[in-house]
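The values are calculated or read from the model by the stated rules, or taken from the named source; none is laboratory data. Only a predicted model underlies this, so the values are computations on that prediction, with no experimental measurement involved. Glycine gets a Cβ as well: all are built from the backbone with ideal geometry, and neighbour counts include every protein chain shown. When the accessible area is computed, the model is the full protein with side chains, heavy atoms only, and any ligands, DNA or RNA have been set aside. Shrake-Rupley method; radii C 1.70, N 1.55, O 1.52, S 1.80 Å.
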Amino acid sequence: MSKEYGLETKCVQAGYTPKNGEPRIMPIVQSTTFKYESSEQMGRLFDLQESGYFYSRLQNPTNDMVAARIAALEGGVGAMLTSSGQAANFYSIFNVCQAGQHVVASAAIYGGTFNLFNVTMKKLGIDFTFVSPYATEEELEAAFQDNTRAVFAETLSNPSLDVLDIEKFANAAHRHGVPLIVDNTFPTPINCRPFEWGADIVTHATTKYMDGHAMTIGGAIVDSGKFDWTQNDKFPGLTTPDDSYHGVVYTESFGSAAYITKATTQLMRDLGSIQSPHNAFLIGIGLETLALRMKQHCANAQKVAEHLEHHDKITWINYPGLKSNENYELAKKYMPGGTSGVVSFGVKGGREAATKFMDSLKLAAIVTHVADARTCVLHPASTTHRQLTDEQLEAAGVKPDLIRFSVGIEDAQDIIDDIDQALAAL
Ligand SMILES: *Cc1c(COP(=O)(O)O)cnc(C)c1O
């Protein structure tokens, strides 16, 4: 789109503009392969000398339309869909970091991501130093090594709801000539635009608010196009010839889209965690109402949080939209329109009471999911974060009694009434 449209417009219009006589709705191109008249042309595609579709593991038109919509929402130069948020976070780092190298990561991250970093990627030879999301500049500085190749954090952490000081983390990364990669799943680009604060790469579990209807596991990586990979010799994968493509140099051939092109043509080609075109289509439909839904999620969550704040059966509550919250100022700066629909709290009676409370809910469902149109609830310490030790739980900001309450888009009073009757059962 030539004019810079607002986010609400991009949600429904970006990524697909039909020409005369073409379908109004983006088509699902459910095809593994694409036909060419000559094998010579096909060869040029394989060498990246010409652009075009040839095999859906690398690129597919439906996936590209949805990726373009996400890139437009984040304000990036390009994006790639992945089959899950896990794959997106793995690729986002593996694209610039290999065995023998190191990443500085916030400790306040999703349990699945923590496991990916701390167990699986360590086995691949990539080392991580975890820091507090509230680390001072000096503490951040001390976490870097000569072989550090990226900094990773969540803009609004799942489930501890810490708001990242994006500028501080970006400045630290840039002082060391490496990119800041942020997972922007919870706020979505509707509430937070990390590229405007210095982040270089954004990842998403589209599984959550972007899909919004709990239909489709998926992920995305978005490239801001702003990081200069040639400023030092830390990223030879981007700045020196790729033998697997007859010597292509990504920064020379693809300029500001070097990072995302390499992720597609090299990592996706070799590792293959692609999104199916049908699922991409569903994510595209979800994105159309993202702006509307986020407003309702945030308005409802604010009401729920304010209601619970002074409830006598609640021991503590965490919602960055509350004035009493330690993240209130950071949230106002980085997420002025609201944070997300997720509220966390503890109930009197600890772990046992938490279970009783959850089992008593009628409208809110106990599911592993979060960030869904329907209100849902989870106890992370016994589910998504159960692999973590007590120490790791504490570092991730997950109290053993934490209830993650994902406020949906229903009538706010119905949600509050449901909580009240479940608390009354304690
Ligand atoms: C859910 C989630 C992921 C993982 O996404 P999947 O699609 O489940 O693989 C990563 N990061 C955050 C912040 C998440 O909430």
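Go through segment 36-54 and give me each residue that's farther than 13 Å from Ser253 by Cβ and either touching a residue at least 60 places away in the same chain (Cβ under 8 Å) or of a type in the set (Phe, Trp, Tyr) (or both).
If the condition is that a residue be farther than 13 Å from Ser253 by Cβ and either touching a residue at least 60 places away in the same chain (Cβ under 8 Å) or of a type in the set (Phe, Trp, Tyr) (or both), then Tyr36, Phe46, Tyr53, Phe54 are the ones that fit.
Would you pick out the residues in segment 114-141 that are away from the ligand (no atom under 16 Å from the Cβ) and either surrounded by 14 or more Cβ atoms within 10 Å (Cβ to Cβ) or among the aliphatic types (A, V, I, L, M) (or both)? Even if it seems obvious, please write down each step before you answer.
At the first step, the residues of segment 114-141 found to be away from the ligand (no atom under 16 Å from the Cβ) are 122-127, 129, 131-132, 134-141.
Within segment 114-141, Leu124, Ile126, Asp127, Thr129, Val131, Ser132, Tyr134, Ala135, Leu140 meet the criteria.
Working only within segment 28-45, note down all residues that are surrounded by fewer than 16 Cβ atoms within 10 Å (Cβ to Cβ) and either small (Gly, Ala, Ser) or under 20 Å from Gly78 (Cα atoms) (or both).
Matches in segment 28-45: Ser31, Ser38, Ser39, Gly43.
Which count do you get for residues in segment 331-369 that are among the hydroxyl-bearing types (Ser, Thr, Tyr), within 27 Å of the chain's Cα centre (by Cα) and within 14 Å of Arg404 (Cα to Cα)? Before you say what the answer is, go through the steps one by one.
Taking segment 331-369 first, the residues among the hydroxyl-bearing types (Ser, Thr, Tyr) are 334, 339-340, 344, 355, 360, 368.
Within this subset, residues satisfying the condition of being within 27 Å of the chain's Cα centre (by Cα) are 334, 339-340, 344, 368.
Within this subset, residues satisfying the condition of being within 14 Å of Arg404 (Cα to Cα) are 340, 344, 368.
Of the residues in segment 331-369, 3 are among the hydroxyl-bearing types (Ser, Thr, Tyr), within 27 Å of the chain's Cα centre (by Cα) and within 14 Å of Arg404 (Cα to Cα).
Against the conditions (1) of a type in the set (A, V, I, L, M, F, W, C); (2) under 17 Å from Leu161 (Cα atoms); (3) open to solvent by less than 10 Å² (accessible area, probe 1.4 Å), where does Ile419 fall short? Just the number, please.
Condition not satisfied by Ile419: (2).
Only one of these conditions is not met by Val103: (1) within 18 Å of the chain's Cα centre (by Cα); (2) of a type in the set (A, V, I, L, M, F, W, C); (3) open to solvent by 10 Å² or more (accessible area, probe 1.4 Å). Which number is it?
The single condition Val103 does not satisfy is (3).
Which numbered condition in (1) more than 20 Å from Thr389 (Cα to Cα); (2) within 16 Å of the ligand (Cβ to nearest atom) is the only one that Phe144 fails?
Every listed condition holds for Phe144 apart from (2).
Tally time: how many residues in segment 46-62 are open to solvent by 50 Å² or more (accessible area, probe 1.4 Å) and either in a loop (DSSP other than H, G, I, E, B) or within 16 Å of the ligand (Cβ to nearest atom) (or both)? Let's see the steps before the verdict.
Taking segment 46-62 first, the residues open to solvent by 50 Å² or more (accessible area, probe 1.4 Å) are 46, 49-51, 53, 55, 57, 59.
Now restrict to residues that are either in a loop (DSSP other than H, G, I, E, B) or within 16 Å of the ligand (Cβ to nearest atom) (or both): 49-51, 53, 57, 59.
Total meeting the criteria: 6.
Which one of the conditions (1) buried (at least 19 other Cβ atoms within 10 Å of the Cβ); (2) touching a helix residue (DSSP H, G or I) at 6+ places or on another chain (Cβ under 6 Å); (3) touching a residue at least 40 places away in the same chain (Cβ under 8 Å) does Pro400 fail to meet, given that it meets all the rest?
Unmet for Pro400, out of (1) buried (at least 19 other Cβ atoms within 10 Å of the Cβ); (2) touching a helix residue (DSSP H, G or I) at 6+ places or on another chain (Cβ under 6 Å); (3) touching a residue at least 40 places away in the same chain (Cβ under 8 Å): (1).
Can you find a residue in segment 138-154 that is assigned to a loop (DSSP other than H, G, I, E, B), within 16 Å of Ala108 (Cα to Cα), touching a residue at least 24 places away in the same chain (Cβ under 8 Å) and of a type in the set (Gly, Ala, Ser)?
Taking segment 138-154 first, the residues assigned to a loop (DSSP other than H, G, I, E, B) are 144-147.
Next, from what is left, pick out any that are within 16 Å of Ala108 (Cα to Cα): none.
The answer is no, given that none of the residues of segment 138-154 is assigned to a loop (DSSP other than H, G, I, E, B), within 16 Å of Ala108 (Cα to Cα), touching a residue at least 24 places away in the same chain (Cβ under 8 Å) and of a type in the set (Gly, Ala, Ser).
If a residue counts only when it is more than 17 Å from Tyr209 (Cα to Cα) and either without any contact (Cβ under 8 Å) to a residue 24 or more places away in the chain or open to solvent by 60 Å² or more (accessible area, probe 1.4 Å) (or both), which helices (runs of 4 or more DSSP H) contained entirely in segment 251-366 have at least 1 such residues? If you could, list the steps in order and put the result at the bottom.
Values: elements: 258-262, 277-288, 290-309, 328-334, 350-360.
Here the list reads 277-288, 290-309, 328-334, 350-360.
Considering each residue of segment 36-82, count those that are more than 17 Å from Ser224 (Cα to Cα), charged (D, E, K, R) and either modelled with pLDDT of 95 or more or out of contact with any strand residue (DSSP E or B) (no Cβ under 9 Å at 6 or more places or on another chain) (or both), and give that number. Don't jump to the end; show me each part of the working.
Here is the first cut: in segment 36-82, the ones more than 17 Å from Ser224 (Cα to Cα) are 36-63, 65, 82.
Next cut, charged (D, E, K, R) only: 37, 40, 44, 47, 50, 57.
Imposing the further condition that a residue be either modelled with pLDDT of 95 or more or out of contact with any strand residue (DSSP E or B) (no Cβ under 9 Å at 6 or more places or on another chain) (or both) reduces the set to 37, 40, 44, 50, 57.
Total satisfying the criteria: 5.
Name the pairs: first residue in segment 192-219 and more than 18 Å from Ala72 (Cα to Cα) and touching a residue at least 24 places away in the same chain (Cβ under 8 Å), second residue assigned to a strand (DSSP E or B) and more than 12 Å from the ligand (Cβ to nearest atom), Cβ to Cβ under 6 Å, at least 6 apart or on different chains?
Every condition considered, no pair remains.
When you scan segment 63-113, how many residues do you find that are within 16 Å of the ligand (Cβ to nearest atom), over 28 Å from Tyr134 (Cβ atoms) and either in contact with a His (Cβ under 9 Å, 6 or more places away or on another chain) or not in a helix (DSSP H, G or I) (or both)?
Going through segment 63-113 one residue at a time, the tally reaches 7.
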